[in-house]
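See structure below.
The values are calculated or read from the model by the stated rules, or taken from the named source; none is laboratory data. What you see is a predicted model; the values in this text were computed from it and never measured. As a convention, Cβ positions derive from the backbone with ideal geometry for all residues, glycine included, and neighbour counts pool all protein chains shown. Quick note on the areas: whole protein, heavy atoms, side chains included, nothing else; ligands and nucleic acids left out. Shrake-Rupley method; radii C 1.70, N 1.55, O 1.52, S 1.80 Å.
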Amino acid sequence: MKRSNVIGAVMAAVLAAQGPLAAGPVLAQSQTLNVQGADIRAFIQDVARSTGRTFIVDPGVTGTVTVTSDRPLSRTQLFEVFLSTLRANGLVVTPTASGAYRISPAQGAAQGPATVGSERFSTEVFQLRNIDATSAAETIRPLVGAQGQVLANPGANSVVVADFSDNLARIRALIGRIDVDRTGFEVVTLQNSSAREIAAVLQTVLAPPGGQPGSGMVSVTPVESSNSLVLRGDPAAMARIRPLIEDLDRRAESADDVRVVFLQHADAEALLPVLQQVVSQPVTAASANAPAPGRSGAGDAAAPAASPAAVPAPPVAGQSAVIARFPGANALVISASADTQRMLAEVIRQLDQRRQQVLIEAIVVELSDNAVRELGVQWLLAGEDGNPVGLTNYSDRAGALVPIAGGAAAGQLDEDDPLREQLQELALNTLLGANGFIGGGGGRIGDGLFGFIINAAKTDAGSNLLQTPSLMTLDNEEATILVGQEVPITTGETLLDGNSNPFRTTQRQDIGVKLVVRPQINAGGSITLFLRQEVSSINGVLTDSANDLVLNKRELETTLVVDDGDIAVAGGLLDQNDRLSVDSVPGLGNLPVIGNLFRSTSRQRGRTNLMVFIRPTIIRSPADAQTLAADRWGYMRQQQLNNAPGVEPSLDEMLRDYMRTQPPVAPDPVITAPVGEVTAAPLPPASSGE
C-alpha cells in the first residue's frame, strides 16, 4: 500500500513537470491552471485532453503562454479561459464543419468566418441615419484593433466593421452616440446684400484652417428668388454667425449706388438694351441700332468712343436705374438702388456665360448628264446669175447654210472688195462653231445652180460636282462662307455711234458656293439650324450673237432640327428634261422618206441629281476645339505629303518660321469615373455567426 502511494506521488510529480493541466485526470470536472512560460502547442494539447475537443493548429502558431487561476475551473470555464489566452497571444479559434477547431494567427481573421467563444471575431454592419459613412469610418477607425478592418459604404450610408465582439459592442455604443442629428435650420433674409455674394463670403470664413470653402460646421445655401440664406448646422454655431450676416447686410446699405461690371464673355453693346428694358429705361439710340456681334458691325468698330449716340438718355421721373456702356472696355456702368443692383447682377451673371460653338459641315453633291442629237439638211437653189431662188435655212443650227453660201459666192467678188473678206470670215466662223459632221455639195440644173449641206452631231456631257463647305460659329450667331468669284453682269449700255457719251453699266454677282447658317443649341443636344445654301455657276452665253450669261443656281433656305453629330438631308432635286425640236418646210417636211431632206431634228435629254447634306457638331470646350483643329491640320498636312512625298509640308514650314509655334495636337483623353462611383476595398465575407 505504501509502495502504490509512492508511485502515485512520483507520477504526479512527473505530470506536474510537464504541465499543470496534465496533473489531473483527462476527464476531470474541475482543474486549477498554473502555467508559467509553457510552450503554446503543449498548452493546446493539454486543453484538448481536458476538454475532449479536437484542435487543428496552424503552422504559424508559436510562442509561450502563462496562465494562473486561484480556483478550480470547469471544462466550460477552462475553454473560455483558453480562448482568451489565445486572443492575448494574437490567435483566433474558428470552428470547422467536422466539429474541430482551427487555431491560426489573427492577422487574417477579417477575411475568414466568425470565431467561437464570448470574444469571437465577427463582422457587423452599422446602418447610419444622420452622419455620412466616410466621416463615421474615419471616427471609429482608431478604435478598431490591429486585426480588425473598417470599410465605408457611401452608397448605402453604412459602415462595415470586423473585430472582436467586445470591441464591436464598444463601437456600437459609440456610433449610437454620434449618429444623432443635432443640426438645426434657419432662414436669414437679406435686405441690402446679395445672397450669393454673402454665401460665398461665409463659406470661406467658416472653412477650417487649410480646408475647402463649404466644409465648416455650418452650411450656407443662397436662395436667390427671396434673397435669403438657409443655414444648417449646430444651433450654437449658427447663433455665432448670425451677427456677422446682419453686420455685412447693414454695411451694404450704405454702399455706393454706382457699380461697374466688367463682362467676361458677353458683349456689353448687345447686353445693354436688354438690361435697359428690364429696368424700364429708354433704350439708347446706339443700342437700339447696333447690330449683334459678329453680324455686320464693321461700322461700329470705326465709331468714335465719345460718340453722342453712346451717351445714355437722362433718367425720367420715377426711373429706378440708369445703365450705360463704357466704349473703351467691355464694361457696363449701373446706377441703381441696392435691390436693383442685385437683380441686375444676377441677370448679368446668367447671361455672361461662355457660349458654345457649332461646327457646320455641308456636302453638296450634283450629278448631271446631258445628251444632244442633231440631224438636218439645208438646200439652196439659185438662178444663173447666182441670185437665190429658194433655200432652207435653220438659224438655230450651228452650221447655217446662208453664211456658208455667202462665203462661197464671195470668191466672185474683187479681191479689193471689203465685202468679200467679211463674207468669207462669216462663213469660216460658222464652220468653226459647228459640231459633229458637216458635209455638202452643189451642181447645176439647166441654167440654175443648187447646193446643200448636211449637219449631224451628237453630244454627251456629264458632271459630278462635290463641294464641302464648312464653318464654325457661336451658338445663335449667324455666319456666312462664300467660295467663288464675282462675275460682271451687264445691266445697261449705250454704244450708238451718234452718242457722244457711250457707257456700259455692270453689276458684279457672287458665283460659287455660299452657306449662311445660324445654329441654336437646344436642350438635350439637338441643334436648330436656320440654313441657306446656294450653289451657282456659269452655264455659258445666252446665244451665239449675245454676250449675256446664263447662270445655273441652286438655292435652299430652310429650318431643321438635327442632333449633335448626326447627318441630315437638307434638301434635294431630281430633274429630268426631254426636248424635241423639229424645223421643217411645210408640206415637204411631212413626206415619207423624202421629208427628211426638208427638215432638221434636234433631241435633247438632261438629268440632274442634287442633294445637300448637313452635319452640325457642338464644340463644348477648348479641348473639343483643339481636337478639331488637330484633325483638320493633320488632313491638310497629309494631302501635302501625298502630293510631294519626302518634302516637308509647307504648313509645317510656315508654322515654324512665321508663327513660331507648334502644330495643334489633340489633348489626351481624360478617363473619369461615373458620377457617384466610389472605389473601395472589397468587403469581408459575411459570417454565419454575426
query = surrounded by 14 or more Cβ atoms within 10 Å (Cβ to Cβ), out of contact with any Gly (no Cβ under 6 Å at 6 or more places or on another chain), assigned to a helix (DSSP H, G or I) and modelled with pLDDT under 75 - does that describe any residue in the stretch 31-40?
reply = no
inquiry  = Step by step: first the residues of the stretch 597-607, then only those that are touching a Leu at 6+ places or on another chain (Cβ under 6 Å) and not basic (Lys, Arg), then the one that is surrounded by the most Cβ atoms within 10 Å (Cβ to Cβ). Which residue is that?
reply    = Phe598
Residue that is most open to solvent (accessible area, probe 1.4 Å), among those in the stretch 566-584 that are closer than 22 Å to Val516 by Cβ and free of Cβ contacts under 8 Å to residues at least 60 places away in the same chain = Ile567
Residues that are in a helix (DSSP H, G or I) and in contact (Cβ under 8 Å) with a residue 60 or more places away in the chain, drawn from the stretch 585-607 = Asn596, Leu597, Phe598
key: Members of the stretch 359-376 that are modelled with pLDDT under 80 and either within 30 Å of Ala625 (Cβ to Cβ) or surrounded by fewer than 19 Cβ atoms within 10 Å (Cβ to Cβ) (or both)   = Asn370, Ala371, Val372, Arg373, Leu375
note = Residue hits (the stretch 353-368; of a type in the set (D, E, K, R) and in a loop (DSSP other than H, G, I, E, B)) are Arg354, Arg355
remark   = Checked against (1) charged (D, E, K, R); (2) surrounded by 15 or more Cβ atoms within 10 Å (Cβ to Cβ); (3) under 32 Å from the mean Cα position of the chain (by Cα); (4) not in a helix (DSSP H, G or I), Arg637 satisfies every condition except (4)
query = Where in the stretch 148-198 are there strands (runs of 3 or more DSSP E), lying wholly inside it, with at least 3 residues that are under 30 Å from Leu229 (Cβ atoms) and open to solvent by 20 Å² or more (accessible area, probe 1.4 Å)?
reply = 184-189
query = If you check every pair at least six apart or on different chains, which have Cβ atoms under 7 Å apart with a residue in the stretch 459-484 that is of a type in the set (A, V, I, L, M) first and a residue that is open to solvent by 60 Å² or more (accessible area, probe 1.4 Å) second?
reply = Ala461/Asn370; Leu474/Gly294; Leu474/Arg355
note = Per the list (1) in a helix (DSSP H, G or I); (2) modelled with pLDDT under 90; (3) out of contact with any Leu (no Cβ under 7 Å at 6 or more places or on another chain), residue check on Ser287 breaks on (3)
ask   = Just a yes or no: is a residue in the stretch 640-661 at pLDDT 90 or above, open to solvent by less than 80 Å² (accessible area, probe 1.4 Å) and among the β-branched types (Val, Ile, Thr)?
value = no
message = Scan the stretch 534-550 and tell me whether some residue there is crowded, with 16+ Cβ neighbours inside 10 Å, at pLDDT 85 or above, aliphatic (A, V, I, L, M) and in a strand (DSSP E or B).
response = no
key: Scope the stretch 199-210; condition surrounded by fewer than 19 Cβ atoms within 10 Å (Cβ to Cβ), out of contact with any Pro (no Cβ under 8 Å at 6 or more places or on another chain) and not in a loop (DSSP other than H, G, I, E, B); matching residues   = Val201, Val205
message = Need the failing condition index for Gln350 against (1) part of a helix (DSSP H, G or I); (2) modelled with pLDDT under 85, just the number.
response = (2)
request  = Please name all residue pairs, on different chains or six or more residues apart, with Cβ atoms under 6 Å, provided the first residue is in the stretch 77-95 and is closer than 15 Å to Asp46 by Cβ and the second residue is part of a helix (DSSP H, G or I) and of a type in the set (A, V, I, L, M, F, W, C).
outcome  = Phe82/Val47
Residue in the stretch 608-618 that is touching a helix residue (DSSP H, G or I) at 6+ places or on another chain (Cβ under 6 Å) and either in a loop (DSSP other than H, G, I, E, B) or surrounded by 11 or more Cβ atoms within 10 Å (Cβ to Cβ) (or both) present = no
